[in-house]
Amino acid sequence: MQTLLVVDDHIIVRQGVKNLIENASNNSISVKECSGHEGLKLVRKGPYQAVLIGLTLTSIDPIELVKQIRDDKPGLPILVLCSVDEEQYYGRLFRAGVTGILTRESASDELLDAIKKLFSGGRYISPSLAEKMTGIPSDDDTSLMVTLSDREYEVMVSMVSGKRVKQIADEMSLSIKTVSTYHSRILQKLRLDNDAQLIRYAIEQGVIRDSIAAREKLLVSEFNIKTASLIQAIKEIWHQRKLVIIVIGILGIITYFVVYYLIKFVV
């Protein structure tokens, strides 16, 4: 009998998936279930022929869990259960080492087919997700998101959540210069010009919730940008004014000497 481990923090969800798979397979597949916090420990105890992970894990970052399992069990198939509107994670999931992605909207037959395909050494992507992934143009906002490395994505989430560079550097054990470099790369890869655009982008892509706090941060960021632009404009005007004063001063000196010598030679 083949065994599958279902990892999800919601007891009702994982028990429901367990019952669904066992019934659909006529009990030919044995399913164990656990929370995200227990996932890696049970994988190590094994043996399992595949692991099914819910992307809604809260006890641990699901992508981090995928990486840990992949490091510990390189050949173990990993299927991730996600929503069709979470396409910003597809690239990161595949880079982390998942073997397949299935939507929560999938029927029990598709779920069983996906698991069997993984058991036989294949890969699986829900047809609805495959269409969405292949249909994304190269300059689409979502495809730009998957160009970010995991570290860049972490920095971006921290920044748009309101954390300052020093705080991010301390939490991630990085230098302030390194965080600033990540910041520049993020803006460049996402084709954005400033933090206000980055926050707006993060809200639109579902990276952070569209909340009052997020809107306040957006307004503050836009205000800071406008203030910086105003200060720069004032500096330029002042710089130009100083140039005018210098030019007038030079012309005044030249005029003085011209008049002086004219008077001297005429008189």
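Quick check on my filter: what residues within the range 3-36 are closer than 17 Å to Lys73 by Cα and out of contact with any Leu (no Cβ under 9 Å at 6 or more places or on another chain)? Talk me through it step by step, then tell me what you get.
Initially, the range 3-36 is screened for residues closer than 17 Å to Lys73 by Cα, giving 3-7, 36.
Scanning the range 3-36 gives a single hit, Thr3.
Yes/no per residue for (1) assigned to a helix (DSSP H, G or I); (2) outside the structural domain of Leu148 (by TED's automatic domain parsing); (3) free of Cβ contacts under 8 Å to residues at least 24 places away in the same chain:
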{"residue": "Val13", "(1), (2), (3)": "yes, yes, no"}
{"residue": "Gly16", "(1), (2), (3)": "yes, yes, yes"}
{"residue": "Ser30", "(1), (2), (3)": "no, yes, no"}
{"residue": "Lys41", "(1), (2), (3)": "yes, yes, yes"}
{"residue": "Ile60", "(1), (2), (3)": "no, yes, no"}
{"residue": "Lys67", "(1), (2), (3)": "yes, yes, no"}
{"residue": "Leu93", "(1), (2), (3)": "yes, yes, no"}
Item to check | Failed item, numbered, when Leu81 is tested on (1) touching a residue at least 24 places away in the same chain (Cβ under 8 Å); (2) under 24 Å from Ser128 (Cβ atoms); (3) part of a helix (DSSP H, G or I) | outcome: (3)
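Please specify each residue of the range 95-113 satisfying the condition of being of a type outside the set (A, V, I, L, M, F, W, C) and either surrounded by fewer than 19 Cβ atoms within 10 Å (Cβ to Cβ) or not assigned by TED's automatic domain parsing to the domain that holds Ala50 (or both).
Residues satisfying the conditions are Arg95, Gly97, Arg104, Glu105, Ser106, Ser108, Asp109, Glu110, Asp113.
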Next on the checklist: Looking at the range 99-110, can you tell me whether even one residue there is of a type outside the set (Val, Ile, Thr) and modelled with pLDDT under 85?
Outcome noted: no
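The values are calculated or read from the model by the stated rules, or taken from the named source; none is laboratory data. Only a predicted model underlies this, so the values are computations on that prediction, with no experimental measurement involved. Cβ sites come from the backbone with ideal geometry, for glycine too, and all protein chains shown count toward neighbours.
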